[in-house]
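Report on one structure; see the data block that follows.
None of the figures in this text is laboratory data; all of them are computed from the coordinates on show. Nothing here was measured: the structure is a model prediction, and the numbers come from that model.
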């Protein structure tokens, strides 16, 4: 009798554990990729990780972070850049994946379903919107930034405008397009990279550093771009 009870209890425990395993697995994003760090390179804005995934080895890039060899990470969202040239390293990578959701834990099933975002994700042919934004003290019109770009290079400035396009989680950042109704010739749309989240149609004040002739490789270059930006106020007018 004791033997029968032991077998029954063992079966119940086995089924319980099996159900728990199934429950955990189904909560993991089907695009989850597990990688192990084999080497790394640190630059001003990025951390480049040389990783292994099963029988593959390749480079990924994320916003600068602390990491070490042997660390295990997960991700599900990335954008492949071929022949990417890093000015900081003076090195061209044959291929590098810019990862937007690197995590120590498996990526949850409800956190996106896109494994690779196409290059078109950050290409943006701006169309001029009917935007009228009230100037705020301490902000600089977009037209003035373009017209006097050399003056603003490497300077921290504030701008206020309406968000016309958002691409999230690309190269570890969010890419925002802002217009304020001003223009310098055909220049009326300012690209901003930030870790903050905003929505299309919102009127937002950003503070960030202006960079000129920024080339991310693979045809993604900007004559003027604001980086390292953060939202200072956020109110739809």
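Just so you know, the Cα atoms of region 121-234 work out to an Rg and Dmax of 12.7, 38 Å.
Both numbers refer to the Cα atoms of region 33-117; Rg and Dmax are 12.4, 38 Å. Summarised as an ellipsoid, region 145-200 has semi-axes of 21, 14, 9 Å, derived from the eigenvalues of the Cα gyration tensor scaled by 5 and square-rooted, with the largest first.
Spatial offset of region 55-94 relative to region 150-217 amounts to 24 Å, using the alpha carbon center of each.
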